[in-house]
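Participant: Mind looking over this structure? Questions follow.
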Amino acid sequence: MSDKQRDGGANLISMGIAATKARKYKEAFALFEQAFASADETEGSGQKASYVEALSYYGLATAMTQGKFKKSAELCRKAIDLQFYNGEHFANLVRVYLESGSRKRAVEALQEGFRSLPGDGTLLALQREIGMRSRPVVPFLSRENPINVSLGKARHDRRESKEKVRRGPGRK
């Protein structure tokens, strides 16, 4: 691989990552496709740091544009395996699962990220963004237990009414 090819691929990757962060997923997907196609033409470039860095962003862009959630999650997982110390990879996996409609897997991936990187700013921000479920009202019963379900609904309704009072009349 020539230096010019390597620089071009790295440039495409940086532009793809920037486009993904800006939520321009179609543009990012096209950039990654181009970058990885040129990497496939040359031997050994797939393990370069910039290519590893791009895997989870490519996975996220693929999920958002192509709807290929299994492939997207695999790309994010590969990035996590290679760079477990990067919270962005966990965050991208969480976003892939959310886009696929699997909130349970998203929360599990977020918790996995916190086990590897406790206090990571990216993961904390994502946790605030997606919100977390409250503990069950009766903790020794399962969430699905009818007692927890009805008490949880009552707690939710009470919180909603308090919030309406706090906001004042005529405000949503």
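The values are calculated or read from the model by the stated rules, or taken from the named source; none is laboratory data. If you're wondering where the values come from, they're calculated on a predicted model, not measured in any experiment. Here the Cβ is made from the backbone with ideal geometry for all residues, glycine too, and neighbour counts use every protein chain on show. Ligands, DNA and RNA are excluded from the accessible area calculation, which covers all protein heavy atoms including side chains. Shrake-Rupley method; radii C 1.70, N 1.55, O 1.52, S 1.80 Å.
Participant: Could you say which residue among Lys26, Lys4 is at pLDDT 95 or above, exposed (fewer than 14 other Cβ atoms within 10 Å of the Cβ) and part of a helix (DSSP H, G or I)?
Facilitator: Just one listed residue meets the conditions, Lys26.
Participant: Quick check on Pro136: is it open to solvent by 60 Å² or more (accessible area, probe 1.4 Å) and either among the hydroxyl-bearing types (Ser, Thr, Tyr) or closer than 29 Å to Arg155 by Cβ (or both)?
Facilitator: So Pro136 fails the test.
Participant: When you go through (1) part of a loop (DSSP other than H, G, I, E, B); (2) open to solvent by 90 Å² or more (accessible area, probe 1.4 Å); (3) at pLDDT below 90; (4) not small (Gly, Ala, Ser) one by one for Glu144, which number turns out not to apply?
Facilitator: Every listed condition holds for Glu144 apart from (3).
Participant: Within the range 78-116, work out how many residues are open to solvent by 50 Å² or more (accessible area, probe 1.4 Å) and not in a helix (DSSP H, G or I).
Facilitator: Adding up the residues that qualify gives 3.
Participant: Scan the range 150-162 for residues that are open to solvent by 60 Å² or more (accessible area, probe 1.4 Å) and not small (Gly, Ala, Ser) and jot them down.
Facilitator: Once the filter is applied, which keeps residues that are open to solvent by 60 Å² or more (accessible area, probe 1.4 Å) and not small (Gly, Ala, Ser), the range 150-162 yields Leu151, Lys153, His156, Asp157, Arg158, Arg159, Glu160, Lys162.
Participant: Which members of the range 117-141 meet the condition of being assigned to a helix (DSSP H, G or I) and within 27 Å of Lys70 (Cβ to Cβ)?
Facilitator: Correct list: Thr122, Leu123, Ala125, Leu126, Gln127, Glu129, Ile130.
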